[in-house]
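Scroll down for the structure; my scribbles are underneath it.
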Amino acid sequence: MSPGSDVPRSRQNPLFKRLRALVRHPGPDGLCLLEGPRLVEEALLAAIEFEEAVFSPDAETREASRRPLSLLAERKVPLHRLHPDLLGSLSEVETSQGLLALARRPRFDEDRLYEGTPLVVLALGIQNPGNLGGLLRTAEAAGASGAYLAEGCADPFSGKALRGSMGSAFRLPHHRGLSAEDAVQRLERRGVLILTADADGETRYDEADLRGPVALAFGAEGGGVPPAVSERARLRLRIPTAGVESLNVGVAAGLLLFEAARQRGFPAAARAR
């Protein structure tokens, strides 16, 4: 590793200015910022392409940072030391973890959403990045084949969404930017049944057959699944509750996705443990 001995501390440093611009306006040129050793290592293991990385001098002495820094060096990713104060000003969390990497967003072939017996998540207008990240993590854990993130959803590669997904956004095939109508049409053309969670649904979620090609649609907190999609659903699934009218999207998604996983025998990775 040869990042150089000088430690820039000026806010006029070109690299710092570039990173700060990306923090303020994420997404240009297909790039995203990854903060912290855990997230960087998850991206490395998922074979994400890195542009460069910055770290504070004390990160080299931290156990959690040594492996990702070593892996970045092995891949010949340019590494730069940066003063802790500058790194701290770029951080989206209260205490900077001393490592920030600039990476290329992965692109997924849409056909991968339909591999095997599809279990697709259809996310509709989920604007809270933490909720969206958590949904992707739950979908991967339950063995979903992929996800459509329709227009109005948060950026899955924003800092908060990435922390919520804990790396699942790097691995779970997903396709974003379609209108809800376009996503529904693509699912229907592939013979995938669309199901929604609905407090007034006609079928209890654990009594529905989820073993075939299905897409589970989830809407934003408060708004739920748009009527135009709900009307196209083959089934509306009811989750029995006591004392509350409905569950938040993360809990509802977890129940439905893992019920589908149970009926399908759970993901292969889980069976191997």
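Can you tell me the FRET efficiency between residue 200 and residue 115 if r is taken as the Cβ-Cβ distance and R0 is 30 Å, rounded to the nearest 0.05?
So the FRET efficiency works out to roughly 0.35.
May I ask which residue of 197, 138, 99 lies farthest towards the positive end of the charge dipole of the chain, with charges of +1 (Lys, Arg) and -1 (Asp, Glu) on Cβ and the Cα centre as origin?
99
Would you kindly derive the ³J(HN,Hα) couplings of segment 82-95 from the backbone phi angles with the Karplus curve 6.51 cos²θ - 1.76 cosθ + 1.60 (θ = phi - 60°), listing them in order in whole Hz, with x for Gly and Pro?
Working through the residues one at a time gives 9, 4, x, 5, 5, 4, x, 6, 8, 6, 9, 10, 4, 10 Hz.
Would you mind pulling out the separation of the Cα centroids of segment 93-155 and segment 9-78, in Å?
Using only Cα atoms to place each centre, the spacing works out to 20 Å.
Rounded to the nearest 0.05, what FRET efficiency do residue 209 and residue 182 give with R0 = 30 Å and r taken as the Cβ-Cβ distance? Could you check?
Efficiency computed from Cβ-Cβ geometry: 0.65.
Which value in nm describes the separation of the simple spin-label points at residue 31 and residue 76, placed 7 Å from the Cα toward the beta carbon?
2.0
With an 8 Å Cα cut-off and a minimum separation of 6 or more residues, compute the relative contact order for segment 1-154 in percent.
This gives 26 percent for segment 1-154.
As I understand it, the value is the acute angle between the Cα axis of helix 180-189 and the longest principal axis of the Cα atoms of the chain; what does it come to in degrees, rounded to 10?
The helix 180-189 is inclined about 60 degrees to the chain.
Please list the non-local residues whose amide H lies under 5 Å from the amide H of residue 80, H modeled 1.01 Å from N, same-chain partners needing a gap of 5 or more.
Placed amide hydrogens put 53, 54, 55 under 5 Å from residue 80.
Can you run phi through the Karplus equation (6.51, -1.76, 1.60; θ = phi - 60°) for segment 141-148 and list ³J(HN,Hα) in whole Hz, with x for Gly and Pro?
4, 8, x, 4, 7, x, 8, 9
Taking the Cα atoms only, what angle lies between the long axis of helix 249-263 and the longest principal axis of the chain, rounded to 10 degrees?
70
Which of 58, 206 comes first, and how do the rest follow, when ranked by fewest Cβ neighbours within 10 Å?
Least to most surrounded, the residues fall as 58, 206.
Roughly what angle does helix 14-24 make with the longest principal axis of the chain, taking Cα atoms, 0 to 90 degrees, to the nearest 10?
Rounded to the nearest ten degrees, it is 20.
No value in this document is a laboratory result; all are computed from the given coordinates. Since the structure is predicted, the reported quantities are computational estimates derived from the model, not experimental observations. Neighbour counts are summed over all protein chains in view; Cβ atoms, including those assigned to glycine, are modelled from backbone coordinates with ideal geometry.
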